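Q: Sharing a structure, written as structure tokens. Questions coming.
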Ligand code: ARG
């Protein structure tokens, strides 16, 4: 091999190693958290007389200039500085000289990266929570307009009992409220500052970790330096919380896909959120909910991926954990766009009230009501009532009618044992009556649904 070629190979290998080792390509996203953390650290160092007030002023001013350069796009990111921490510190020292070299006193990149990442996770937790709240408010608004809109409630995707559409929407409001609360409890648990843990064992400098924690909006410092630099539970919790929310997004997406099919035609999604086929001119495809459903898979992958990175890692810091960020960034971006898009889809869709009501007339949804009536009013054992009801269902089938459409004569002639049944049974078997009879707490009756809607409106106001 010529001397020149071996030189190229050497360079290429070195470049390859830099590329492999560095995280700057993705952790530059943490620039604002990194700079905030450094400003707080420098303030604390000055308060503790570890650096002078003059040095702190220079550092803070310099860091704000770096922030400005990054935000204006002037800043040159290069592989020469492995990560955002080194890139910022290096540029700071270029700008302010020797004082910049004092910033890294009593800290390590190990606690720095945990601090930056925790700040990022906490900020995103809050902003995702407010997006979830907006979505809940959309479900509640829609529900409040449809507490009397009949639709078939299903089990096994088969018609089961009549419910109202508002009630169905409130089921989703409840799911997303649990998500909101899950993000909230993670925030509370993880709002502690790792800064000052240093490499793994603390520092001999007389630092004040309570001060930096306070300056950064944390409740206090974390308890054990070794745990602090090894910990990525906060990121895992975020990934799990996002995954669960995406699972809920995927479930409503699946229903939207079904409901907008010709077989259902319960809703019509706005043309903005449906696409056409390149070959079939008549088609309107639910690409948006399909994508929401599909993206859920990738988000689950990010959770499993970080769980796998963390398993078996010995204490304390290991470079493996540099792999924690990309999946988190990806999941955050995915949930942010998914929540906004879903919110718009729900807001703009048209609910086909008539088709929902018509669908309730298929499948004898009120058959259980007849059995319940016989038990309640005639003290009949349930099993007997069940078989009698079956006879009425057969009669309805022979007349090509739904049980809710039978007149009193048709009911009485279904079976000898029903020959004298009271005329009120006709209204008992109506779809509306059936829906409203389920008025147990949390049940589907219009009144109970309205109570739920009210409860949610109060919650939305109070939060
Ligand atoms: N870029 C690293 C990361 O993302 C920062 C911490 C590096 N610490 C170290 N000792 N190599 O995890």
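Q: For residue 119, only one of the following conditions fails: (1) free of Cβ contacts under 8 Å to residues at least 40 places away in the same chain; (2) crowded, with 18+ Cβ neighbours inside 10 Å; (3) within 30 Å of residue 47 (Cβ to Cβ). What is its number?
A: Residue 119 satisfies all of (1) free of Cβ contacts under 8 Å to residues at least 40 places away in the same chain; (2) crowded, with 18+ Cβ neighbours inside 10 Å; (3) within 30 Å of residue 47 (Cβ to Cβ) except (1).
Q: I'd like to verify a number: residues in segment 431-445 that are more than 14 Å from residue 164 (Cβ to Cβ) and buried (at least 16 other Cβ atoms within 10 Å of the Cβ), how many?
A: Qualifying residue count, segment 431-445: 0.
Q: Across segment 375-408, what is the number of residues that are in contact (Cβ under 8 Å) with a residue 12 or more places away in the chain and part of a loop (DSSP other than H, G, I, E, B)?
A: Qualifying residue count, segment 375-408: 3.
So that you can scan it fast, the table gives a plain yes or no per residue for (1) at pLDDT 90 or above; (2) farther than 26 Å from residue 360 by Cβ; (3) in contact with a helix residue (DSSP H, G or I) (Cβ under 6 Å, 6 or more places away or on another chain):
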residue: 252; (1), (2), (3): yes, no, yes
residue: 265; (1), (2), (3): yes, no, yes
residue: 268; (1), (2), (3): yes, no, no
residue: 276; (1), (2), (3): no, yes, no
residue: 280; (1), (2), (3): no, yes, no
residue: 285; (1), (2), (3): no, yes, no
residue: 294; (1), (2), (3): yes, yes, no
residue: 299; (1), (2), (3): yes, yes, yes
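Yes/no per residue for (1) assigned to a helix (DSSP H, G or I); (2) within 16 Å of the ligand (Cβ to nearest atom); (3) under 21 Å from residue 169 (Cα atoms); (4) in contact with a strand residue (DSSP E or B) (Cβ under 9 Å, 6 or more places away or on another chain):
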| residue | (1), (2), (3), (4) |
| --- | --- |
| 223 | no, no, no, yes |
| 240 | yes, no, no, no |
| 252 | yes, no, yes, no |
| 261 | no, no, yes, no |
| 264 | no, no, yes, no |
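Q: Another question, then. Taking the conditions exactly as written (closer than 21 Å to residue 289 by Cα and touching a strand residue (DSSP E or B) at 6+ places or on another chain (Cβ under 9 Å)), does residue 169 satisfy them or not?
A: Against the criterion (closer than 21 Å to residue 289 by Cα and touching a strand residue (DSSP E or B) at 6+ places or on another chain (Cβ under 9 Å)), residue 169 does not qualify.
Q: Can you find a residue in segment 412-427 that is under 20 Å from residue 161 (Cβ atoms), in contact (Cβ under 8 Å) with a residue 40 or more places away in the chain, outside any helix (DSSP H, G or I) and touching a helix residue (DSSP H, G or I) at 6+ places or on another chain (Cβ under 7 Å)?
A: No.
Q: A further question follows. Return the pairs, sorted by first residue and then second, in which the second residue is more than 9 Å from the ligand (Cβ to nearest atom) and assigned to a loop (DSSP other than H, G, I, E, B), the first residue lies in segment 102-114 and is at positive phi, the beta carbons are less than 7 Å apart, and the residues are 6+ apart or on different chains.
A: Filtered contacts from segment 102-114: 106/50; 106/196; 106/198; 106/203; 106/205; 106/207.
Q: Pick out the one residue from 278, 260, 270, 253 that is closer than 19 Å to residue 350 by Cα and surrounded by fewer than 19 Cβ atoms within 10 Å (Cβ to Cβ).
A: Sole residue among the options that is closer than 19 Å to residue 350 by Cα and surrounded by fewer than 19 Cβ atoms within 10 Å (Cβ to Cβ): 270.
Q: Could you list all residues from segment 212-228 that are under 12 Å from residue 37 (Cα atoms) and over 27 Å from the mean Cα position of the chain (by Cα)?
A: 212, 213, 214, 215
Q: Need the failing condition index for residue 280 against (1) in contact (Cβ under 8 Å) with a residue 12 or more places away in the chain; (2) more than 16 Å from the ligand (Cβ to nearest atom), just the number.
A: Failed condition: (1).
Q: Could I ask something else about it? Pairs needed: first member in segment 42-54, free of Cβ contacts under 8 Å to residues at least 40 places away in the same chain; second member anywhere, in a helix (DSSP H, G or I) and surrounded by 14 or more Cβ atoms within 10 Å (Cβ to Cβ); C-beta distance under 6 Å; at least 6 residues apart or different chains.
A: Note: pairs meeting the criteria are 46/56; 53/46.
Q: Name the residues in segment 303-323 that are surrounded by 14 or more Cβ atoms within 10 Å (Cβ to Cβ) and away from the ligand (no atom under 16 Å from the Cβ), would you?
A: Once the filter is applied, which keeps residues that are surrounded by 14 or more Cβ atoms within 10 Å (Cβ to Cβ) and away from the ligand (no atom under 16 Å from the Cβ), segment 303-323 yields only 303.
The values are calculated or read from the model by the stated rules, or taken from the named source; none is laboratory data. All values derive from a computational prediction rather than experimental measurement. Methodologically, a virtual Cβ is constructed for each residue, glycine included, from the backbone with ideal geometry; neighbour enumeration extends over all protein chains shown.
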